[in-house]
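Read the structure below first, then the notes.
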Amino acid sequence: MKFGESTRKFGAPIACDVRTAPEVPMTRRRILISGAGIAGPALACALDPRLWDVTVVERARELRPGGQAVDFRGPVHREVLDRLDLWGPIWERRTRGTDLVLLGRSGKPVARMPSVMMSGDVEILRGDLSRLLVDRSASAGVQYRFSDRIAALRADADGVEVGFASGSKETFDLVVGADGIHSGVRAVQFGDESKFLRHHGYLLATFSMRNVLRLSGEALAYSVPGRSVMISGDGSEVGRAQLIFAGAPLSRGERSDARALRRRVREAYRNLEWEVPRVLEELDKSTDLYVDQIATVRLDRFCQGRVVLLGDAAWGGTLGGQGTSLGIVGAYVLASELTSAGADVENALARYEAAMAPYARENQKGAERAGSFFAPKTRAGRLLRDLAYRALTSRPLIGQFEKMVKASATDFTLPSQPALQP
């Protein structure tokens, strides 16, 4: 689909305030994006290269491959991907949809949630999506700097002087923090994360493992009060484990200590039955273990002067908050507002914030409930969950349940002004 064609067939509400794009300036403005995960490279893809000279800085040495599957669902997500010409490439790299099977205490199935609810309209591995966005933006002239990070910011009315950890200093017209739920840019500009990060009582651990159960298009979720284990597989030799358990948030030291993280997970799951001993054996062999608290970011403002936050840095939810798709929607909205506002960057940031804040907060509700869905803290809570989802996935209610799942992702109006000018 070309921009300008009707999007009503997707059901997406389209704003009617058609604004005229500014003339291309003689000198491009400089923008620095912190974070080469998803939201940062998505913004780099969405910005008009005739208007912006884009640099992305990433503290890691290289992109993180693999990871969890992420999905896009509903007309808003589809429309954004179409406008950015990403739907086709994502579809080509899509994963196979996965049914979620909730197991009872005996290990037998009690409810099955079909893949359309778990995997959306299209699903892709996070690492594959990151690589796609980085490669596309780099081919358009975006510069990527790995193994560095923003250490200091000094802003005035005309720009932002950035001090890098490597020791260099440069000035940019705009700085974007798209560096995740533990954002370094947010810490430097807005304050310590303890002011903004809300812990929801659970931790998440995930890693790749051998497909020991020979699963194909299924994820099996077993839980006892306060702990759950989910094993998934797509028919290949490699599967994935996701463990969610009640507990206090990680300290800063723990987050960077692989041994401490493995100890924390092992301690939480000792003496648990079902397939847990095999999962813990695979944990010891894993090379891509990710552990973090299930939390959401709550900020009154996404921008201060010419420093703005995007994606998980602004509204993140560790699990269940549509974080990846929301990051791409936010990137598109920010790019669109910057394009339409011309030199009035402050007005563009204000419009971006006004558009994204309510949408993001509605989606965050999923992240707030994720822990209690997978690992209810009581036996009664687990029983009620199983009964509720057995009913919701029954033939009379399955259609309505699907609408409920997509509702928060659909309720949004995209800017009518395209981010990229013809």
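Can you give me the ranges of the helices (runs of 4 or more DSSP H) entirely in segment 251-293 with at least 3 residues that are farther than 16 Å from residue 211 by Cβ, charged (D, E, K, R) and modelled with pLDDT under 90?
Details: elements: 252-255, 258-269, 276-285.
Output list reads 252-255.
Check 50, 93 and return the single one that is farther than 17 Å from residue 326 by Cβ, of a type in the set (Lys, Arg), modelled with pLDDT of 90 or more and in contact with a strand residue (DSSP E or B) (Cβ under 6 Å, 6 or more places away or on another chain).
93
Give me the residue from segment 294-316 that is at pLDDT below 95 and of a type in the set (Val, Ile, Thr) and, out of that set, farthest from residue 338 (Cα to Cα).
294
Say we look at segment 145-177 and pick out the residues that are among the acidic types (Asp, Glu) and within 17 Å of residue 28 (Cβ to Cβ); which of these is surrounded by the most Cβ atoms within 10 Å (Cβ to Cβ)?
The selected residue is 173.
Out of all the residues in segment 299-311, is one or more surrounded by fewer than 19 Cβ atoms within 10 Å (Cβ to Cβ) and without any contact (Cβ under 8 Å) to a residue 40 or more places away in the chain?
Yes, segment 299-311 has at least one match.
Taking segment 324-356, which residues are hydrophobic (A, V, I, L, M, F, W, C) and open to solvent by less than 10 Å² (accessible area, probe 1.4 Å)? Give the steps one after another, and end with the answer.
Step one: list which residues in segment 324-356 are hydrophobic (A, V, I, L, M, F, W, C), which gives 326, 328-329, 331, 333-335, 338, 341, 343, 345, 348-350, 354-356.
Within segment 324-356, 326, 328, 329, 331, 333, 334, 335, 338, 345, 348, 349, 356 qualify.
Which of (1) touching a Phe, Trp or Tyr at 6+ places or on another chain (Cβ under 7 Å); (2) more than 18 Å from residue 178 (Cβ to Cβ) is the odd one out, the single condition residue 337 does not satisfy?
Among (1) touching a Phe, Trp or Tyr at 6+ places or on another chain (Cβ under 7 Å); (2) more than 18 Å from residue 178 (Cβ to Cβ), the lone unmet condition for residue 337 is (2).
Would you confirm whether any residue within segment 131-141 is β-branched (Val, Ile, Thr) and within 25 Å of residue 325 (Cβ to Cβ)?
yes
Tell me which residues, restricted to segment 357-377, are open to solvent by less than 50 Å² (accessible area, probe 1.4 Å) and either part of a helix (DSSP H, G or I) or β-branched (Val, Ile, Thr) (or both).
357, 359, 360, 363, 364, 366, 367, 370, 371, 373, 374
Taking only pairs six or more apart or across chains, which ones have beta-carbon atoms under 6 Å, a first residue in segment 338-366 that is farther than 18 Å from residue 28 by Cβ and of a type in the set (Phe, Trp, Tyr), and a second residue that is open to solvent by 10 Å² or more (accessible area, probe 1.4 Å) and outside any helix (DSSP H, G or I)?
Partner pairs satisfying both residue conditions: 359/412.
The values are calculated or read from the model by the stated rules, or taken from the named source; none is laboratory data. Since the model is a prediction, treat every value here as computed from it, not as a measurement. Positions of Cβ are backbone-derived with ideal geometry, glycine not excepted, and every protein chain shown enters the neighbour counts. Accessible surface areas use protein heavy atoms only, side chains included; no ligands, DNA or RNA. Shrake-Rupley method; radii C 1.70, N 1.55, O 1.52, S 1.80 Å.
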